[in-house]
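A.B. asks: Take this structure, written in structure tokens, and hold onto it; I'll ask about it next.
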Amino acid sequence: MSQALGITFEEHDRAGVVTLDRPERLNALSREMFEALSEHYRRWAPAPHIYGVVMQSTHPSVFCSGGDLKFLHQWSEQGARGAIREFYRAAYGHVWVLEKFIRPNVPLINGLVLGGGIGITLHGTHCVAGEGYRFGMPQVGIGFLPDIGGTYFLPRLLGWTGTYLALTGRLIGPAEAFRLRLVSHCIPAAHFSVIKDALSDNQPIDRLLDGLHREPGEGELVRHTPVINRAFSAPSVEAILERLDAEEGDDQAFAHDAAAEIRKKSPTSLKIAFAQMQRGKALDLAAALRLEFRLASHVIGSHDYREGIAARIAGKGRAPDWQPASFAAVDDEAIERLFSTPAEDELELKELAPGL
């Protein structure tokens with residue numbers, strides 16, 4: 001067994017087993033954890049004795065809360081932009097490693113999974129949701145952007161649901177995640193040990209997962225799909241809010257709740273996220289990750305990034321003081337420059353062969 005801070009790696013017969021074991025920090029991810037993940041996936045990819053990898057969490061209700069905001073807050077207060085940038089480089093680099101890992105990779109998620117936690121689970125071959133699964137991309141609420149591949153996968157979800165999730169940060173459960181193909185299977189957590197044993201015994205994983213899968217139902221968002229598509233297909237964040245505010249009838253409460261949630265977020269982050277969703281369908285994953293690193297490199301020096309994380313970590317949940325505080329005051333040309341201006345030492349992704 002090898003161990004990094006908050007994460008362990010073991011080999012059980014034919015299976016590599018990754019365990020997120022940092023419950024006091026809700027399994028928040030550090031740079032060292034991302035780097036350890038990449039190292040072990042690279043090691044297991046060519047190993048003839050490894051059939052596949054399973055990932056699990058020791059926390060009873062949180063699989064992974066995303067990147068470690070405590071570290072990011074400390075670095076931001078110290079002006080250590082280089083350390084923050086290298087954190088994101090390690091995170092996005094691991095997504096690319098995972099994308100090229102063609103052996104069965106089976107995260108077993110029965111709890112909350114946010115941001116970076118989605119990055120370490122979504123891009124592999126499989127993703128299993130237990131009954132306690134909850135997905136969220138809440139980054140615009142801390143003055144940041146939907147990253148870790150969000151530029152690529154969110155615009156590819158059904159209709160305009162990806163834009164809805166990016167701008168609201170709403171949590172969704174296993175039914176919605178399965179319908180949107182964010183997870184491959186819905187399986188009761190009581191069966192997770194069976195999956196681990198099967199991987200260890202080199203059993204064909206697809207047949208097993210298909211047999212254990214339980215249809216989760218249609219979920220809560222299905223009946224709101226028409227209003228999501230009507231509102232979030234608008235040409236700007238402001239227009240989206242206008243359409244949500246104007247909604248009447250059965251979807252009025254849903255629309256007004258979505259608008260209220262959006263208005264809590266950083267106006268600058270919302271405009272960045274909206275632009276990501278507009279561009280994302282034309283990008284492959286590698287291009288999306290390079291763009292996200294460019295955007296992150298620019299954004300980490302902003303007021304809203306420092307303020308959003310400080311409000312969450314040091315402010316005990318106080319409402320952030322966004323600057324600018326209104327959409328009208330956001331410089332749209334400055335938003336465009338974030339996308340077009342190269343960052344210092346941009347992200348390089350090696351042309352890894354499938355299987356690394």
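The values are calculated or read from the model by the stated rules, or taken from the named source; none is laboratory data. Remember, predicted model here, so these are calculated numbers, not experimental data. Because the Cβ atoms are built from the backbone with ideal geometry, glycine has one as well, and the counts that use them run over all protein chains shown.
A.B. asks: Report yes if some residue within the stretch 17-25 is under 14 Å from ILE118 (Cα atoms) and either modelled with pLDDT of 95 or more or surrounded by 23 or more Cβ atoms within 10 Å (Cβ to Cβ) (or both); otherwise report no. Give the derivation first.
C.D. replies: Restricting attention to the stretch 17-25, the residues satisfying the condition of being under 14 Å from ILE118 (Cα atoms) are 20.
Filter again for either modelled with pLDDT of 95 or more or surrounded by 23 or more Cβ atoms within 10 Å (Cβ to Cβ) (or both), leaving 20.
Yes, that holds for at least one residue.
A.B. asks: Sticking with this structure for a sec: Kindly indicate the residue of the stretch 338-356 that is buried (at least 16 other Cβ atoms within 10 Å of the Cβ) and modelled with pLDDT of 95 or more and also nearest to the chain's Cα centre (by Cα) among those meeting that condition.
C.D. replies: In this case the residue turns out to be LEU347.
A.B. asks: Only one of ALA166, ALA189 is more than 23 Å from ARG294 (Cβ to Cβ) and among the aliphatic types (A, V, I, L, M); which? Write out each step before concluding.
C.D. replies: On the way: ALA166 fails: more than 23 Å from ARG294 (Cβ to Cβ).
Testing whether each residue is more than 23 Å from ARG294 (Cβ to Cβ) and among the aliphatic types (A, V, I, L, M) leaves just ALA189.
A.B. asks: Which condition number in (1) surrounded by fewer than 22 Cβ atoms within 10 Å (Cβ to Cβ); (2) hydrophobic (A, V, I, L, M, F, W, C); (3) under 19 Å from the mean Cα position of the chain (by Cα) is the one that VAL54 fails?
C.D. replies: (1)
A.B. asks: So THR151 fits all but one of (1) of a type in the set (Ser, Thr, Tyr); (2) surrounded by fewer than 24 Cβ atoms within 10 Å (Cβ to Cβ); (3) not assigned by TED's automatic domain parsing to the domain that holds SER57; what number is the exception?
C.D. replies: For THR151, the failing item is (2).
A.B. asks: Among residues belonging to the stretch 57-76 that are farther than 24 Å from ALA198 by Cα and among the aromatic types (Phe, Trp, Tyr), point out the one that is farthest from the chain's Cα centre (by Cα).
C.D. replies: Across the stretch 57-76, the extreme among qualifying residues is TRP75.
A.B. asks: Modelled with pLDDT of 95 or more, in contact with a strand residue (DSSP E or B) (Cβ under 7 Å, 6 or more places away or on another chain) and outside any loop (DSSP other than H, G, I, E, B): is that true of ALA190 in this structure? I'd like the intermediate steps shown before the answer.
C.D. replies: Details: modelled with pLDDT of 95 or more: yes; in contact with a strand residue (DSSP E or B) (Cβ under 7 Å, 6 or more places away or on another chain): no; outside any loop (DSSP other than H, G, I, E, B): yes.
Spelling it out, it is not the case that ALA190 is modelled with pLDDT of 95 or more, in contact with a strand residue (DSSP E or B) (Cβ under 7 Å, 6 or more places away or on another chain) and outside any loop (DSSP other than H, G, I, E, B).
A.B. asks: Quick check on this structure: which one of LEU154, LEU212, LEU165 is in contact with a strand residue (DSSP E or B) (Cβ under 8 Å, 6 or more places away or on another chain), of a type in the set (A, V, I, L, M, F, W, C) and under 26 Å from ARG312 (Cβ atoms)? Even if it seems obvious, please write down each step before you answer.
C.D. replies: Working: LEU154 fails: in contact with a strand residue (DSSP E or B) (Cβ under 8 Å, 6 or more places away or on another chain); LEU212 fails: under 26 Å from ARG312 (Cβ atoms).
One residue alone meets the criteria, LEU165.
A.B. asks: Same structure again: Can you confirm whether GLY79 is on the phi > 0 side of the Ramachandran plot, in the same structural domain as ARG22 (by TED's automatic domain parsing) and more than 14 Å from the chain's Cα centre (by Cα)?
C.D. replies: Details: on the phi > 0 side of the Ramachandran plot: yes; in the same structural domain as ARG22 (by TED's automatic domain parsing): yes; more than 14 Å from the chain's Cα centre (by Cα): yes.
It is true that GLY79 is on the phi > 0 side of the Ramachandran plot, in the same structural domain as ARG22 (by TED's automatic domain parsing) and more than 14 Å from the chain's Cα centre (by Cα).
A.B. asks: Test of understanding: among ASP206, ASP197, which residue is closer than 23 Å to PHE153 by Cβ, acidic (Asp, Glu) and not assigned by TED's automatic domain parsing to the domain that holds ALA328? It would help to see each step written out before you state the result.
C.D. replies: On the way: ASP197 fails: closer than 23 Å to PHE153 by Cβ.
Step by step, each of ASP206, ASP197 is checked, and only ASP206 is closer than 23 Å to PHE153 by Cβ, acidic (Asp, Glu) and not assigned by TED's automatic domain parsing to the domain that holds ALA328.
A.B. asks: Only one of (1) in a helix (DSSP H, G or I); (2) over 21 Å from SER302 (Cα atoms); (3) of a type in the set (Phe, Trp, Tyr) is not met by TYR92, so which one is it?
C.D. replies: (2)
A.B. asks: Among the residues of the stretch 280-298, is there at least one that is under 23 Å from GLY82 (Cα atoms), out of contact with any helix residue (DSSP H, G or I) (no Cβ under 6 Å at 6 or more places or on another chain) and either loosely packed, with under 14 Cβ neighbours inside 10 Å or outside the structural domain of PHE232 (by TED's automatic domain parsing) (or both)?
C.D. replies: No; the residues of the stretch 280-298 include none that is under 23 Å from GLY82 (Cα atoms), out of contact with any helix residue (DSSP H, G or I) (no Cβ under 6 Å at 6 or more places or on another chain) and either loosely packed, with under 14 Cβ neighbours inside 10 Å or outside the structural domain of PHE232 (by TED's automatic domain parsing) (or both).
A.B. asks: Could you check the stretch 286-339 and list, in sequence order, the residues that are part of a loop (DSSP other than H, G, I, E, B) and among the aliphatic types (A, V, I, L, M)?
C.D. replies: Once the filter is applied, which keeps residues that are part of a loop (DSSP other than H, G, I, E, B) and among the aliphatic types (A, V, I, L, M), the stretch 286-339 yields ILE300, ALA314, ALA319, ALA325, ALA328, ALA329, VAL330.
A.B. asks: Right, another one. Inside the stretch 129-176, can you point out the residues that are over 29 Å from GLY301 (Cβ atoms), part of a helix (DSSP H, G or I), in contact (Cβ under 8 Å) with a residue 60 or more places away in the chain and not hydroxyl-bearing (Ser, Thr, Tyr)?
C.D. replies: Of everything in the stretch 129-176, just one residue is over 29 Å from GLY301 (Cβ atoms), part of a helix (DSSP H, G or I), in contact (Cβ under 8 Å) with a residue 60 or more places away in the chain and not hydroxyl-bearing (Ser, Thr, Tyr), namely ARG156.
A.B. asks: Continuing with the same structure: From (1) surrounded by 21 or more Cβ atoms within 10 Å (Cβ to Cβ); (2) out of contact with any Lys or Arg (no Cβ under 9 Å at 6 or more places or on another chain), pick out the condition that doesn't hold for GLY132.
C.D. replies: (1)
A.B. asks: Give me a count of the residues in the stretch 27-55 that are assigned to a loop (DSSP other than H, G, I, E, B) and at negative phi.
C.D. replies: Taking the stretch 27-55 and keeping what is assigned to a loop (DSSP other than H, G, I, E, B), we get 27-28, 30, 45-51.
When the remaining residues are screened for being at negative phi, the result is 28, 30, 45-51.
Of the residues in that region, 9 qualify.
A.B. asks: Hey, another quick one. Which of (1) on the phi < 0 side of the Ramachandran plot; (2) surrounded by 17 or more Cβ atoms within 10 Å (Cβ to Cβ) is the odd one out, the single condition THR8 does not satisfy?
C.D. replies: (2)
A.B. asks: Cβ contacts < 7 Å: first residue in a helix (DSSP H, G or I), restricted to the stretch 232-243; second residue among the polar types (S, T, N, Q), any location; separation 6+ or different chain. Result?
C.D. replies: Pairs found: PHE232/THR163.
A.B. asks: Quick one: which residue in ILE120, ILE102, ILE109 is at negative phi and modelled with pLDDT under 95? Give the steps one after another, and end with the answer.
C.D. replies: Working: ILE120 fails: modelled with pLDDT under 95; ILE109 fails: modelled with pLDDT under 95.
It is ILE102.
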